[in-house]
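What follows is one structure encoded as structure tokens, with my remarks underneath.
The values are calculated or read from the model by the stated rules, or taken from the named source; none is laboratory data. What you see is a predicted model, and the numbers here were worked out from it, not measured in a lab. In this analysis, Cβ positions are derived from the backbone assuming ideal geometry, glycine residues included, and neighbour counts consider all displayed protein chains.
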Amino acid sequence: MKVSGTDKLLYLLNLLVDGDYSKGEIVQKFKENNMDISRSLITCYIEKFIKYGINIKSVVNDKRENIYFFEKKDTNLEFTKQEMKVISDVKKILMSQKNYDRIRKTMRLFYKIALYIEDEDDKLNFIDFGYYSTINWNLVRCLEKHCKNKDVISLDYILPVGGNKIITMRADSLKISAWSQRLHLHGLLDNTRKFLHLPVDRIYTVKNVADENLSFKDVQDNLIYKVSKTIYEKSFADEKEKIIDKNGDIITIQRPIDDEFLIIQRLLYFCPEIYYISDEKIKMLFKEKLQSVRAYYSNEVDR
């Protein structure tokens, strides 16, 4: 499993804040979590921690092994206003990366460090991760398991208009939306070809897990559209899309029709340099959205 250096750093620091470990035990812990790390890299990371003022200490045990740990101090941990601003800026950068697992690991680390902050305002500011502080991470771990197994699950979902609804779907993946910045559960609805993306903060609980996968269809329709190469290259990357043809400044894009809302939002971004849309339903929805936008701004002028 390919894991970034940042995630390895976070995982190692979380380990050392929690307990005492030899290099061999650290390597084993990484393996248990489907990650690899060498003893030399552990040394490199520990040296980085020490360089930046993180109190990593070591003692020699009976087996003449170095045991590494985070030195917990009884004294109060205090931050200046400038330090708190730097911490706040770092958290904003982290959250802008849209890597929810990295955000989760960082939050876990911050909560451990916050135990040594006596000032309540500083403590609350230190552990405040905005929207991510409202997420039920136990539920996220549960959903991750169902996504991995592609389970058919029934969810107690809180509707935006009020009240609850039971939604049955096959869990597929968890991702942060590029548009709303919220964490969404993606999956296939019931026995249809319709794909859903549900905000995790609106999922109350998983009510039921089917014993066997229902006969949900795996086949996805693909959307083909043509757009200006210049404007497309300025847009954010979408891993679901692939370029299948180039003709001068016009490129042809293929992507699955898995989320109509996000597709329409993406096509709106490319206006007015879209030259072809293959799917009639997407084309109709796109035209309706353009007409509603035009009507809205016409009314704005009239007012």
Yes or no: Lys57 surrounded by fewer than 16 Cβ atoms within 10 Å (Cβ to Cβ), touching a strand residue (DSSP E or B) at 6+ places or on another chain (Cβ under 7 Å) and not assigned by TED's automatic domain parsing to the domain that holds Asp122? yes
Flag for Asp62 being under 22 Å from Glu144 (Cα atoms), free of Cβ contacts under 8 Å to residues at least 40 places away in the same chain and out of contact with any Pro (no Cβ under 8 Å at 6 or more places or on another chain): no
For the stretch 92-106, give me the residue count where each residue is of a type outside the set (A, V, I, L, M, F, W, C) and over 15 Å from Tyr11 (Cα atoms). 4
Return yes when Leu155 is surrounded by 15 or more Cβ atoms within 10 Å (Cβ to Cβ), modelled with pLDDT of 90 or more and part of a strand (DSSP E or B) and no when it is not. yes
Residue check, Leu15 modelled with pLDDT of 85 or more and either under 17 Å from Lys112 (Cα atoms) or not in a helix (DSSP H, G or I) (or both): yes
Give the stretch 13-22 a look and list any residue that's surrounded by 15 or more Cβ atoms within 10 Å (Cβ to Cβ) and either more than 22 Å from Arg64 (Cβ to Cβ) or of a type in the set (Phe, Trp, Tyr) (or both), or say none. Leu13, Asn14, Val17, Tyr21
Answer residue from the stretch 195-237, given it is modelled with pLDDT of 80 or more, aromatic (Phe, Trp, Tyr) and surrounded by 14 or more Cβ atoms within 10 Å (Cβ to Cβ) and is nearest to the chain's Cα centre (by Cα) among those: Tyr232
Matching residues in the stretch 20-44 - criterion: being touching a residue at least 24 places away in the same chain (Cβ under 8 Å) and either out of contact with any helix residue (DSSP H, G or I) (no Cβ under 9 Å at 6 or more places or on another chain) or in the same structural domain as Lys105 (by TED's automatic domain parsing) (or both): Asp20, Ser22, Asn34
Mind checking whether some residue in the stretch 265-272 is modelled with pLDDT of 85 or more, farther than 21 Å from Leu189 by Cβ and among the hydroxyl-bearing types (Ser, Thr, Tyr)? yes
Among helices (runs of 4 or more DSSP H) completely within the stretch 66-151, the ones holding 2 or more residues that are within 28 Å of Thr43 (Cβ to Cβ) and without any contact (Cβ under 8 Å) to a residue 12 or more places away in the chain are 81-96
In the stretch 176-185, how many are modelled with pLDDT under 90 and not in a loop (DSSP other than H, G, I, E, B)? 1
What's the total number of residues in the stretch 55-76 that are closer than 20 Å to Leu9 by Cβ and not aromatic (Phe, Trp, Tyr)? 8
Please go through the stretch 94-130 and pick out each residue that is surrounded by 14 or more Cβ atoms within 10 Å (Cβ to Cβ), among the hydroxyl-bearing types (Ser, Thr, Tyr) and under 19 Å from Trp179 (Cα atoms). Tyr100
Residue satisfying condition, being at negative phi and exposed (fewer than 15 other Cβ atoms within 10 Å of the Cβ), within set Lys81, Lys91: Lys81
Given the condition surrounded by 10 or more Cβ atoms within 10 Å (Cβ to Cβ) and part of a helix (DSSP H, G or I), answer yes or no: does some residue in the stretch 240-260 qualify? yes
